[in-house]
1. Roughly how many debye, to the nearest 20, is the charge dipole of the chain about its Cα centre, given +1 on each Lys and Arg Cβ, -1 on each Asp and Glu Cβ, and no other charges?
2. Report, in order of residue number, the helices in the chain meeting two criteria: a C-alpha extent of 24 Å or more along the helix axis, and a mean Kyte-Doolittle hydropathy of at least -0.5; treat each whole DSSP H run as one helix.
3. Suppose the chain between VAL83 and HIS347 were pulled fully straight at 0.36 nm per residue; how much longer would it get relative to their current alpha carbon spacing?
4. Report the net charge of residues surrounding ALA23, where surrounding means a beta-carbon distance below 11 angstrom and charges are Lys +1, Arg +1, Asp -1, Glu -1.
5. Considering only Cα-Cα distances, which of the following residue pairs are longer than 19 Å: LYS42/LYS182; LYS182/LYS250; LYS42/LYS176; LYS169/LYS250?
6. If you stretched the chain out fully between PHE228 and PHE430, how much longer would it get, using 0.36 nm times the residue separation minus the C-alpha to C-alpha distance?
7. From a point 7 Å beyond the Cα of SER247 in the direction of its Cβ, which residues of segment 155-187 have a backbone N at a distance under 16 Å?
8. Tell me the label-point distance for the pair THR134, LEU154, using the 7 Å Cα-to-Cβ offset, in nm and rounded to one decimal.
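Where a number appears in this text, it was derived from the coordinates with a stated rule and is not lab data. Given the structure is predicted, the values throughout are model-derived calculations rather than measurements. Reconstructed Cβ throughout: ideal geometry from the backbone, glycine too, with neighbour counts over all protein chains shown.
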Amino acid sequence: MEIILNSGGTFVILAAVVGFFMAWGIGANDVANAMGTSVGSKALTIKQAIIIAMIFEFAGAYLAGGEVTSTIRKGIIDASYFVDSPELLVYGMISALFAAATWLLIASALGWPVSTTHSIVGAIVGFAAVGVSTDAVEWGKVVGIVGSWIITPLISGIIAFIIFNSAQKLIFDTDKPLQQAKRWVPAYMFLAGFVLSLVTIKKGLKHIGLENVNLGFVNFEIKGAGGFYLAAIVAIIVAIIGKFFISRLKFDENLAKEAHYVNVEKVFAILMIVTACAMAFAHGSNDVANAIGPLAAVVSIVEHDGQIAAKSAIAWWILPLGGFGIVAGLALFGHKVIATIGQGITHLTPSRGFAAELAAASTVVIASGAGLPISTTQTLVGAVLGVGMARGIAAINLGVVRNIVVSWVITLPVGAGLSIVFFWIMQATFS
């Protein structure tokens, strides 16, 4: 307790530095996932993708990143074990941030899309189990995370397979693909509008304490069925606007079929840009907590002279720090993971990329509703694999997939191992 009173300022500065480093790692690795399919399908250039992601990720992190955050991310450890020695929690949270950020830096340099959530969870488990007690860890939550390595990619892969095959049968494999596109693309726009609105409402707006949306003639309660009704209204508006603009498109019907395919892909490219923006906003609002949660915990403990609160108000400077960190990591180091997602696993076109991104968003909604632990990284990789599988196993680069799966499996133990080492260094330095 005394060490917190004497060195509180030092701990806050240390936590801020490693928190920024962690946000940088999230930008370099996780944000690249949201934009990888857009770049790989040529819907966006890498420069355009980075600019769009910078705007929407920062907006999500800053505007909807949360006024209050759980001090122990994902409830993975029992805070009661630290009540008598809160300095151990401070050492641990700083060590966990440093460990997770270090692993994200290594993975990003190698072009491996890993889970930032699992990185920080592994790091927290490591210091808690070895530095305090194995009983301090909620092992049930850890088992759930390990199970998600299989469940979430499988769900998103199946959804992507279905969406891609439906587009092939309804549009691309017909005699007049352009006419069919004008008929069916508004339906895909409705589906995309509904799913992405739900992602934004459930994963984004929940952080700003928005309970109700009043449209004058009707009031929607966000937490209940109102969120679904609001998403449906947005989806109908998106579909109507989409149908209006698609009906105005004029293409020469006498062109070769290949030219029709190119024009249809242009329509899907526009859809992809919309989905990428919405996913970036939702991701920024949700996953910035992986960096600012432990940082907020340290600040809270120092401000309350060693007392540990279950939830803490976030200091004004923490959200911008997380937002800028994410943007910096993406701009400076995001290109390698973007290349892996967009080009390394399978060849993507705008229609394939749209199927993958919509499937990933759908899985996020399903998993959130079911309370499943989820990694946006693993969800998107599963979706890209599903699109590849729809074209046959030969369409998938199995070497890249093997490296990705290995990186997923070692994320938890590597994060834990690094965290233990940094925890011991912190103890030796300050105790």
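1. Values: 23 positive and 21 negative charges, 334 e Å.
I would put it at about 1600 debye.
2. Values: long enough: 2-40 (53 Å, 1.16); 46-64 (26 Å, 1.59); 86-110 (36 Å, 1.66); 139-167 (42 Å, 1.59); 177-199 (31 Å, 0.81); 226-247 (31 Å, 2.16); 257-287 (43 Å, 0.56); 350-370 (30 Å, 0.89); 398-430 (47 Å, 1.62).
Going by DSSP H runs, the hits are 2-40, 46-64, 86-110, 139-167, 177-199, 226-247, 257-287, 350-370, 398-430.
3. Working: separation 264, 0.36 × 264 = 95.04 nm, distance 5.28 nm.
Length gained, VAL83 through HIS347: 89.8 nm.
4. Working: positive: none; negative: ASP30, GLU57, ASP287.
Local net charge: -3.
5. On the way: LYS42/LYS182 22 Å; LYS182/LYS250 11 Å; LYS42/LYS176 24 Å; LYS169/LYS250 23 Å.
Over 19 Å Cα-Cα: LYS42/LYS182; LYS42/LYS176; LYS169/LYS250.
6. Numbers: separation 202, 0.36 × 202 = 72.72 nm, distance 5.08 nm.
Difference between extended and current length: 67.6 nm.
7. So the set is 179-187.
8. Here the modelled spin labels are 2.8 nm apart.
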